[in-house]
Amino acid sequence: MFSGNEGEVPVNTGSKPDISREKSAELYEKAKNYFPGGVNSPVRAFKSVYGTPLFIQKGDGCFVWDADGNQFIDFCGSWGPLILGHNNAKVREKVTEVMQNGMSFGAPTALENELAELIIKNNKFVEKIRFTSSGTEAVMSAIRLARGYTGRDKIIKFEGCYHGHSDSLLVKAGSGLVTFGETSSAGVPKSFAQETIVIPLNDTKALEGAFEQFKDQVAAVIIEGIPANNGLLMQDVEYVQFLQKICNDNKALLIFDEVITGFRLGFEGAAGHYGIKPDIVTYGKIIGGGLPVGMYGASAEIMGHISPDGGVYQAGTLSGNPVAMAAGIAQLTELLRSGFYKELNTKTTEFADSIQRFATARNYKFKVFQIGSIFWLAFTEKEKIQCAEDIDPASMEKFKVMHRELLNRGIYLGPSGYEVGFVSASHTKIELEKAKRAIFDSLDVVFRNK
Ligand SMILES: *Cc1c(COP(=O)(O)O)cnc(C)c1O
């Protein structure tokens, strides 16, 4: 049943029998004829966990159903966008209504104003914005804007932060004493990677060093509002304040990539959480209510450098697409209801805390890191994990077992131990309780305690 899988599935007492995945496996075989690795985005291929990808047939609330009819409580939420859960009625109705008038015009519509107003009125960190069709595009454009605005070429990014797949950002830390980054993908010219300096998170000396070495050459420092693409690497507020100060002192811009954290930690994302005003902010995921939308924004002065007002070119055939705008309007309207985040975040804290209590009581080397409605299940003893280096790759073997046990117990997590999970407004106490039990049992299996 688990075809196309490297490595034997370890036999654990207490493991559940595997669910039927015949239809998904069949669809995957077919998909491999059409797409590299059978998928349209690499992590979906289940390379880091057992088995082949589940093909999803439908979602409703906190549930998804696969092609074999298995039902799961979903904590992936399409990788973050679905903060209200799957197939939310308000979002669906608004999208259906707007679709009646056509799908795209390549001309302005009132819906763009409406979504922009919702955002700008309720977010003190942006005065003007530009919509794009993905997070990658938003970040790529923000980098160009920073370079255009400062007239400088170099950018500083952090090891363990993901910012989409544009060339400048597919760069990882160089080995040894090399300060420049190395490309993390074939096809990115070395000369591009030379413009990106990669340093560890939570390391003030490294950042000071980079600014000294590249004095007056750094256009921007980019960081995920709260790094959540390589585990959940929560930074201390003092460190983020330091980032802002060193950028100001060096006349470099601070870019918060809030594609995950925007509208997730709160309506104002990580900037609101820390009370820090970045120079440019990028959003994606939640902003589109499940349809493809990204956005970058800044002060009116900085945004004045974007074409047609300024010399930094950026465009998009489907940018501000009315159907996508409709989904964003409907979703963000719900998020603005009073108490929305408090309830969601409290629910997630209780969920995370009770899993942690269970693991601690049994002396499992396991930690749940959580902020807002984001959580990360980590097989570690460390109290804090704040940079990529602190993650032990060997711990991912345990996640692999856990992932399989959870699928077999009706719980869907993103198929990699480096990925975070999301709780949505549609997860009720009942499902969270069920999920907790499944996690407890799976932990027992992982640690072979049953
Ligand atoms: C998902 C993500 C991106 C890329 O967004 P896409 O819509 O996948 O292009 C960029 N930055 C961060 C922080 C993300 O989480």
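The values are calculated or read from the model by the stated rules, or taken from the named source; none is laboratory data. Being a predicted model, the structure only gives us computed values, none of them experimental. Don't worry about glycine lacking a Cβ; one is built from the backbone with ideal geometry, like all the others, and counts go over all protein chains shown. Heads up: the accessible areas ignore ligands, DNA and RNA and are worked out on the full protein's heavy atoms, side chains in. Shrake-Rupley method; radii C 1.70, N 1.55, O 1.52, S 1.80 Å.
What the table below lists for this structure:
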| item | result |
| --- | --- |
| Residue among F55, F267, F369 with the largest mean-square fluctuation in a Gaussian network model of the chain, springs linking Cα atoms under 10 Å | F55 |
| Helix 322-335 vs. the chain, principal-axis angle (Cα, 0 to 90°, nearest 10) | 70 degrees |
| P(r) histogram, all alpha-carbon pairs of region 201-260 included - 5 Å bins from 0, percent | 4, 18, 30, 25, 16, 7, 1 |
| Estimated dipole of region 67-209 in Debye, rounded to 20 [Cβ of Lys and Arg +1, of Asp and Glu -1, Cα centre] | 380 debye |
| Sum of -39500 (n - 2.57) over DSSP H runs of 4+, divided by residues of the chain (222 nm, nearest 500) | -11000 deg cm²/dmol |
| Surface per residue (accessible, 1.4 Å probe) for region 104-320, Å² | 40 Å² |
| Among 337-344, 41-48, the order from most to least packed when residues are scored by Cβ within 10 Å on average | 41-48, 337-344 |
| Relative contact order computed over the chain (Cα-Cα under 8 Å; 6+ residues apart), in percent | 22 percent |
| Residues whose placed amide H lies under 5 Å from that of Y412, excluding near-sequence neighbours | I73, D74, F75 |
| Globularity ratio of region 104-320, using Cα Rg and 2.2 N^0.38 Å | 0.97 |
| Surrounding net charge for F422, when Lys and Arg each add one and Asp and Glu each subtract one, Cβ distance under 13 Å | +1 |
| Calculated from backbone phi, Karplus (6.51, -1.76, 1.60) coupling profile of region 268-282 in Hz, x at Gly/Pro | 9, x, 5, 4, x, 4, 8, x, 10, 9, x, 6, 9, 10, 10 |
| Kirkwood Rh in Å, taken over the chain so that all alpha-carbon pairs contribute | 22.8 Å |
| Whichever lysines have a C-alpha closer than 16 Å to that of K124, once near sequence neighbours (fewer than 8 apart) are set aside | K277 |
| Region 323-450, relative contact order [Cα under 8 Å, separation at least 6], % | 23 percent |
| Within the accessible area of the chain (1.4 Å probe), percent carbon and sulfur | 51 percent |
| In order through region 180-196: 3J(HN,Hα) via Karplus (6.51 cos²θ - 1.76 cosθ + 1.60), integer Hz, x for Gly, Pro | 5, x, 10, 5, 9, 9, 5, x, 9, x, 4, 5, 5, 4, 5, 8, 10 |
| Three-way shape call for region 35-185 based on the alpha-carbon gyration tensor, with the a/c threshold at 1.5 | oblate |
| Degrees between helix 110-121 axis and first principal axis of the chain (Cα, 0 to 90, nearest 10) | 90 degrees |
| In degrees, nearest ten, helix 429-446 long axis to first principal axis of the chain (Cα) | 70 degrees |
